[in-house]
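Down below is the structure, laid out as structure tokens.
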Amino acid sequence: MKINTKAVHAGDRKKPGPPVPVTMPIHTAASFFYETTEQLDRIFAREEAGFCYSRYENPSNSALEELVASLENGHGALACASGMAAMHAALLTALTDRRKFVLASHALYGATFSLLNQVLEPLGVETKFVDFCDLDKVRKTIQEQRPGCVVMETVSNPLLRMGPIDCIAQLAAGAGAAFVIDNTFATPLLFRPLEHGANIVVHSLTKYLAGHGDVLGGIVVSDQRHYDALRALARICGPVLGPFESYLTMRGVKTFALRMERQCLNARQVANWLRQRPDIERVHFPDDPNHPDAETIRRLLPDGLYGGIVSFEVTNAGRDQIFAAMDRLRLVVRATSLGDVHSMILYPVMSSHREISPKQRQRMGIKDNLLRLSVGIEAVEDIIADLDQALTNPA
Ligand SMILES: *Cc1c(COP(=O)(O)O)cnc(C)c1O
């Protein structure tokens with residue numbers, strides 16, 4: 001063989017196969033080789049399990065999909081290039097063979113809001129947004145509109161509201177609608193929507209599941225009923241995650257439960273500390289006995305695990321005071337995203353909810369003095385000390 005040919009083929013497709021690694025390697029191959037064309041034909045026909053092309057399935061991605069599907073008690077999963085790609089795939093799957101009408105919570109992640117309004121609406125999908133903490137309103141709208149899909153987040157961003165998911169699941173099922181839940185904020189440690197009647201769960205892997213701020217990804221976990229439609233759609237549209245990102249995410253997921261437990265504990269302590277400060281007007285955190293959804297939270301969330309996000313309103317602060325306080329932070333990272341090992345802070349008006357009109361923001365209860373803190377795994381004393389010096393105005 002000439003060197004040019006060897007450079008292309010040597011070392012690949014070796015027999016016998018490599019020793020079994022204890023963790024899933026990064027399979028970068030775009031396509032897969034078999035001894036006989038007969039076998040490849042059976043795999044293409046899906047008569048035999050196997051990999052043929054990485055847009056369909058890839059071993060590194062399949063391992064991550066199996067992992068997250070098992071955490072959510074789902075039938076199967078599809079790893080996507082971002083949380084938004086996952087949400088897009090989830091909504092298209094939910095609407096397959098159903099009425100092109102979505103009933104959505106009015107408290108959705110900003111880009112999900114835009115996906116419905118700017119991408120799906122021009123394609124003929126109508127969406128009605130209502131307050132999902134108002135069960136009577138949800139019931140009435142489902143009965144009147146007969147939506148094909150109902151979509152909400154387990155714990156809303158940034159005000160941490162929680163709707164009665166179990167009750168809404170029954171209403172959606174009764175109307176024949178697919179029920180899609182974005183479980184990014186809660187994670188499967190706190191809540192597993194499929195166990196409460198949801199059909200499809202979406203995660204931004206970028207957040208708690210990967211957890212280290214070094215990977216962008218998303219995943220759709222579905223029940224058996226929607227799985228074939230989800231995969232068929234992915235084979236065509238190709239929203240799939242890359243194998244490097246699958247590897248990083250799996251590495252993150254291994255410690256996710258440990259990290260999340262610590263983040264929940266730290267967040268409770270930070271929330272309690274903030275509540276005692278006269279310069280903090282209001283703290284939004286689900287452990288509050290006076291939380292507007294306290295009854296639902298008691299019923300659906302495990303005792304002591306309320307998530308790692310704390311949102312709070314700084315007394316009499318406008319944009320300038322908020323910016324100055326944020327600039328004084330030394331440990332807490334000023335950046336968008338959440339769920340990382342490091343604490344992060346974000347100003348929703350400037351970032352996650354920037355595209356939403358001030359009037360709509362007002363209606364959603366997102367004020368100009370609101371900050372959203374994603375509490376990390378650091379020593380809580382250090383997080384509190386940093387917030388203390390940043391919030392204390394230099395006279
Ligand atoms: C971040 C986020 C998304 C979008 O995920 P990306 O990975 O950024 O595409 C969707 N939903 C929620 C609740 C999020 O926090």
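What follows draws every value from the coordinates through simple rules; no lab data is involved. Note that the coordinates shown come from a computational prediction; the quantities given were computed from them, not determined experimentally. Note that we place each Cβ from the backbone using ideal geometry, even for glycine, and neighbour counts take in every protein chain shown.
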Value of D in µm² per second that Stokes-Einstein yields for segment 3-253, Kirkwood Rh from Cα pairs, at 20 °C (1.002 mPa s): 112 µm²/s
Hits among lysines - C-alpha to C-alpha of K6 under 18 Å, sequence gap 8 or more where chains match: K14, K15
Whole-number percent relative contact order across the chain, with pairs defined as alpha carbons under 8 Å at least 6 apart: 16 percent
Per-residue Cβ neighbour rank within 10 angstrom, fewest leading, V253, V333: V333, V253
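Arrange Y34, Y109, Y208 by Cβ neighbour counts within 10 Å, fewest through most, would you? Walk me through the numbers before you get to the answer.
Numbers: Y34 16, Y109 22, Y208 29.
Fewest to most other Cβ atoms nearby, the residues stand as Y34, Y109, Y208.
From the square roots a ≥ b ≥ c of the eigenvalues of the alpha-carbon gyration tensor of segment 152-295, which class results: rounded (a/c under 1.5), prolate (a/b over b/c), or oblate?
Numbers: a/c = 2.68, a/b = 1.34, b/c = 2.00.
Because a/c hits 1.5 or more and a/b fails to exceed b/c, segment 152-295 counts as oblate.
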Label point 7 Å beyond Cα of R99 along Cβ direction - residues of segment 156-198 with amide nitrogen under 12 Å: 175-178
Global size of segment 43-180 as Cα Rg and Dmax, reported in angstrom: 16.6, 49
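Would you mind calculating the gained length between A7 and Q39 on full extension (0.36 nm times residue separation, minus the Cα-Cα distance), in nm to one decimal?
Numbers: separation 32, 0.36 × 32 = 11.52 nm, distance 2.73 nm.
Between A7 and Q39, full extension yields an extra 8.8 nm.
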Positive dipole terminus of the chain, leading residue within C237, G211, M350 (C-beta point charges): C237
Whole-number percent relative contact order across segment 113-194, with pairs defined as alpha carbons under 8 Å at least 6 apart: 28 percent
Rg/Rg_ref, segment 256-391, where Rg_ref = 2.2 N^0.38 Å and atoms are Cα: 1.02
Estimated FRET transfer efficiency when R0 is 41 angstrom, pair Q118-R46 (beta carbons, to 0.05): 0.70
Which of L258, L248 has the fewest Cβ neighbours within 10 Å, and the rest in rising order: L258, L248
Segment 148-237, Rg to Rh (Cα coordinates; Rh as Kirkwood inverse mean 1/r): 0.98
Dipole in debye (nearest 20) - the chain, about Cα centre, beta carbon charges: Lys, Arg +1; Asp, Glu -1: 620 debye
Helical mean residue ellipticity (222 nm; -39500 (n - 2.57) per DSSP H run of 4+; nearest 500) of the chain: -11500 deg cm²/dmol
Selection from N199, S82, T37 lying farthest towards where the dipole of the chain points positive, charges on Cβ: T37
